1. Can you tell me which residues in the range 17-47 are at pLDDT below 95 and either more than 22 Å from K73 (Cβ to Cβ) or within 13 Å of the chain's Cα centre (by Cα) (or both)?
2. So, of the residues in the range 65-100 that are over 21 Å from F23 (Cα atoms) and either surrounded by 15 or more Cβ atoms within 10 Å (Cβ to Cβ) or in contact (Cβ under 8 Å) with a residue 40 or more places away in the chain (or both), which turns out to be farthest from the chain's Cα centre (by Cα)?
3. When you look at T105, is it among the β-branched types (V, I, T), assigned to a helix (DSSP H, G or I) and either within 17 Å of the chain's Cα centre (by Cα) or closer than 30 Å to A7 by Cα (or both), yes or no?
4. Could you list all residues from the range 59-87 that are within 22 Å of A11 (Cα to Cα) and touching a helix residue (DSSP H, G or I) at 6+ places or on another chain (Cβ under 6 Å)?
5. If you scan the range 1-35, which residues turn out to be more than 22 Å from Q93 (Cα to Cα) and exposed (fewer than 10 other Cβ atoms within 10 Å of the Cβ)?
Amino acid sequence: MGVYDTATKLASEIKNSKEYKDFRRSMKEVKRDKNCEELLKAYRSSQVELQAHMIQRKEIDKKTKKRIEDTQKKVSNNKKLINYLNNEQKFTQLMNNINNIIGKTVEKDYE
């Protein structure tokens, strides 16, 4: 079996994994609810904004801080979004683990 065949098989295994299926299912649930989808976008935007302030070591003004906290509170009270974010994290962890396995195997050749 060639490397591309193996990669295709791995992709198929990933698509059949519980992590991927749960992630896709919860993503569809979020997309069916426009309010939920908009809240997710606002949450992602607030995360980026917060990270930018941290990187730049800038103080966050009270208005921005309040808006970010309000968004985070809404997300934490939204079961669909909590489920989606948890499933996203599990799928991301699966992909990171696979990437680490491949990376460590190839890395040995560079030592």
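The values are calculated or read from the model by the stated rules, or taken from the named source; none is laboratory data. The model shown is predicted, which means the values in this text are computed figures rather than measured ones. Positions of Cβ are backbone-derived with ideal geometry, glycine not excepted, and every protein chain shown enters the neighbour counts.
1. Q47
2. The qualifying residue farthest from the chain's Cα centre (by Cα) is R67.
3. In short, yes.
4. Correct list: Y84, N87.
5. M1, G2, V3, Y4, D5, K34
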